[in-house]
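Beneath this line is the structure, given in structure tokens, with notes to follow.
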Amino acid sequence: MHALTLPESGHYDEMLLDSGGIRPHYRDFARWLHSQPPETLARKRAEADLMFHRVGITFAVYGDDSGAERLIPFDTVPRIIPASDWQTLEAGMRQRVTALNAFLHDIYHEQHIVKAGLIPAEQVFSNSQYQPAMQGLDLPHRIYAHITGVDVIRHSDGNFYVLEDNLRVPSGVSYMLENRKMMMRLFPELFASHAVAPVQHYPTLLLNTLRHASAVDNPTVVVLTPGHHNSAYFEHAFLAQQMGVELVEGQDMFVKNNRVYMRTTAGHKQVDVIYRRIDDAFLDPLAFRGDSMLGVPGLLSVYRAGGVILANAIGTGVADDKSIYPYVPDMIRFYLSEEPLLQNVPTWMCRRPAELDHVLNNLHELVVKEVHGAGGYGMLIGPAASAAEIEDFRQRIIADPNNYIAQPTLCLSSCPTFVESGIAPRHIDLRPFVLSGRDISMVAGGLTRVALKEGSLVVNSSQGGGTKDTWILEDQS
Amino acid sequence: MMLSRTASQLYWMSRYMERAENLARLLDVTHSLSLLPQSRGGADISAALATTGALEACRARHPQLAAGDVMHFMTFDAANPACIVNCLKYARENAHAVRGKITGEMWESINATWLEARQMGLEGRPLAGFFDWVKERSHLFRGTTYGTIQRNDAFSFIRLGTFMERADNTARLINVKSHLVGNAAEDSAADFYLWGALLRSLGAFEAYHELYRDTLSSRRVAELLILRPDVPRSLRACVDEIAELLPRIKGDTGHRAKRQAATLHAEMSYGQIDSILDDGLHTYLTQFLSQIHDLGDAIHGAYLEAA
């Protein structure tokens, strides 16, 4: 019925085996898919587009002068993960985030890991994301990253690898929730025939995590947004609304007597926990960037005196920096005395002369990233780049080797996806969200991003990526 | 309790929507009057402009004040911040910033209005149809608001914006017409058209005949539009709503605003048209406008800025 393109052999496809067979956890779905007339599915896709537009789930693209809002394309073939895979992923992510929080506490206190010689001091302390203001500051429950997004991919060997940790202001969770809502609306029958783990309680878990972050009884929680021009504004408003808390901008708050207040129609109200969706540099013009109009003057001094909780804490960026990433497995061993359950992608650090040589000699088959880059900007994908692009990047690396790391070109697994010619494999990744409060909580799910261009490995929405609903199947046994 | 900024955006969202509607009403009537011969009170488009405070800006752009130019200036000219399309744009921008506080249906209504208005500006839609369309979209937005939003502070600030703007706009309209009519003791034939136009622009023509069953006289029109509580665009009706809304807002702030609204409400409840006319309609309306502006400042200070 559907024009189905098979994956290239040697790649890992989430649904299809090399032999053309269907993996067990996709069998019910595949049977259903083949029973659906293509016109029906096309109509459902159009319906989804219309609904997303009406709800206004859009994002702004940086550097697009028209300032237009665009829809992130939504694909209706779900990414299905069997229970056994999820157990590994979940345990691995809990372990990883626990170690990252321990690392942050350590480097802002005694710095055991540096003294033990596991991580070179200059890697930490001359990192631009390291915040001296956090030194010696004690946080409740020693939690720095209350909300973490861990990007994982499945390689052609069938194993999951962590691509990067996001400990600053990870976004995307609203798409996880809206994609599920959309799928349940479009295809209710699929949820009757599949035991899909629910995700809709995420805002409740998030609110609990934020409330537990404060020692105050019944704390007032707010979401701090840079405003409606920000690309993730929809998500900020969505989460505030789902949690039933105020969505504030910096101008709505002020500092008085070592407390933070917001201006309301009933007078000034004290704020205890700020789920901030703006970067460290913009939080407080008195302490960081003086030209920031987004922050609250004096916020840092209140924070240091314990008068308000910021989630995530200031200075978490030092732990998700690409130059620190290669050390995460060592952190797990050092702080938890455990072996990592999830593997890192092998990484060459250009700052080391021997590894730099290897990188420069193999640029055509490596992915090279800027240490501080994000969003798929400023990276080289060797196998897809022209000779001129590789040469250009080579000069940039030689000029500033400390600024680059390189990794083998991983073959992200693929998942069948609706494209113009029918259904074809497209590469995907996965970002589950880990909440750290008194304990760690997660919903069984995450955001699956899909590179819609044939063969492309770049899944970022700013670079033409789309999203899928992610189904964790509950164990029926 | 809500953020002052949010309250301010809700308030201005509905003020701009109401302003767009009143502009459409004003221009619609001016447009039909301009079709009448001069002796019947027609043509003076600059009077309409004067009510909006945009006369000087328009003269700077179109020194001849030709009717077609003025109409374009007041409807689609993006360079005029006070034109209808810009009012719809500001209403939509405020709604966008508080999308989480209004219902999806409200957002869709206000967003579709702006998108369509912008399109009409590009296509050059005939004006008469355009004015009716603006009124309809304003009715639709108000109806959607009444029919979908929770009765909380957000609703109060939205309504407050509507009636503050309407009180201001109605007073300006009467003020200009009364100025045109002048102080002659006897109503002339030309005045008949002017008062009729004023009633029509405020949707009160039918109410007049229902209530008075008599010919148009300046005294009765003034009474109807200033003091009658049962005519929804009269000054009294607006002040009734404002005085009722302010005490309903939760919290212990806004004493000055509440006191001013209550005072104004008492003055109007026990006001008499003869004493207003003795002092002069223009004097009364000028004073009313300044009271409304003071009240607006008090509302801003207490709720919308809360510095």
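The values are calculated or read from the model by the stated rules, or taken from the named source; none is laboratory data. Keep in mind the model is a prediction, meaning the values are calculated, not measured. Here the Cβ is made from the backbone with ideal geometry for all residues, glycine too, and neighbour counts use every protein chain on show.
Values computed for the structure shown
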read-out	value
Scope the range A:266-287; condition within 25 Å of the chain's Cα centre (by Cα) and part of a loop (DSSP other than H, G, I, E, B); matching residues	A:Arg277, A:Ile278, A:Asp279, A:Leu283, A:Asp284
From the options B:Arg15, B:Arg59, residue that is part of a helix (DSSP H, G or I), away from chain A (no Cβ under 14 Å) and buried (at least 22 other Cβ atoms within 10 Å of the Cβ)	B:Arg15
All strands (runs of 3 or more DSSP E) inside the range A:368-477 with 1 or more residues being under 23 Å from A:Ser84 (Cβ atoms), in contact with a Gly (Cβ under 7 Å, 6 or more places away or on another chain) and in contact (Cβ under 8 Å) with a residue 60 or more places away in the chain	A:422-431, A:433-436, A:447-451, A:465-472
Options A:Asn208, A:Asn257; residue that is of a type in the set (S, T, N, Q) and either without any contact (Cβ under 8 Å) to a residue 12 or more places away in the chain or within 14 Å of chain B (Cβ to nearest Cβ) (or both)	A:Asn257
Any hit, the range A:179-198, residues being buried (at least 21 other Cβ atoms within 10 Å of the Cβ), more than 14 Å from every other protein chain (Cβ to nearest Cβ), among the hydrophobic types (A, V, I, L, M, F, W, C) and in a loop (DSSP other than H, G, I, E, B)	no
Qualifying residue in the range B:139-156 (condition: of a type in the set (Ser, Thr, Tyr) and in contact with a Ser or Thr (Cβ under 7 Å, 6 or more places away or on another chain))	yes
Qualifying residue in the range B:64-85 (condition: within 12 Å of chain A (Cβ to nearest Cβ) and either part of a helix (DSSP H, G or I) or basic (Lys, Arg) (or both))	no
Residues being modelled with pLDDT of 90 or more and either hydrophobic (A, V, I, L, M, F, W, C) or outside any helix (DSSP H, G or I) (or both) - total across the range B:214-254	23
Among (1) surrounded by 19 or more Cβ atoms within 10 Å (Cβ to Cβ); (2) in contact with a Leu (Cβ under 9 Å, 6 or more places away or on another chain) - the single one A:Gln123 does not satisfy	(2)
Residue, farthest from the other protein chains (Cβ to nearest Cβ), within the range B:257-275, restricted to residues that are of a type in the set (A, V, I, L, M) and surrounded by 20 or more Cβ atoms within 10 Å (Cβ to Cβ)	B:Met268
Qualifying residue in the range A:227-249 (condition: among the acidic types (Asp, Glu), crowded, with 17+ Cβ neighbours inside 10 Å and part of a loop (DSSP other than H, G, I, E, B))	yes
Of all residues making up the range A:7-58, the number that are assigned to a strand (DSSP E or B) and either out of contact with any strand residue (DSSP E or B) (no Cβ under 8 Å at 6 or more places or on another chain) or over 14 Å from A:Pro78 (Cα atoms) (or both)	2
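Per-residue answers, yes or no, for (1) within 14 Å of another protein chain (Cβ to nearest Cβ); (2) among the hydrophobic types (A, V, I, L, M, F, W, C); (3) out of contact with any helix residue (DSSP H, G or I) (no Cβ under 9 Å at 6 or more places or on another chain):
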| site | (1), (2), (3) |
| --- | --- |
| B:Asn111 | yes, no, no |
| B:Leu115 | yes, yes, no |
| B:Glu123 | no, no, yes |
| B:Gln150 | yes, no, yes |
| B:Asp153 | yes, no, no |
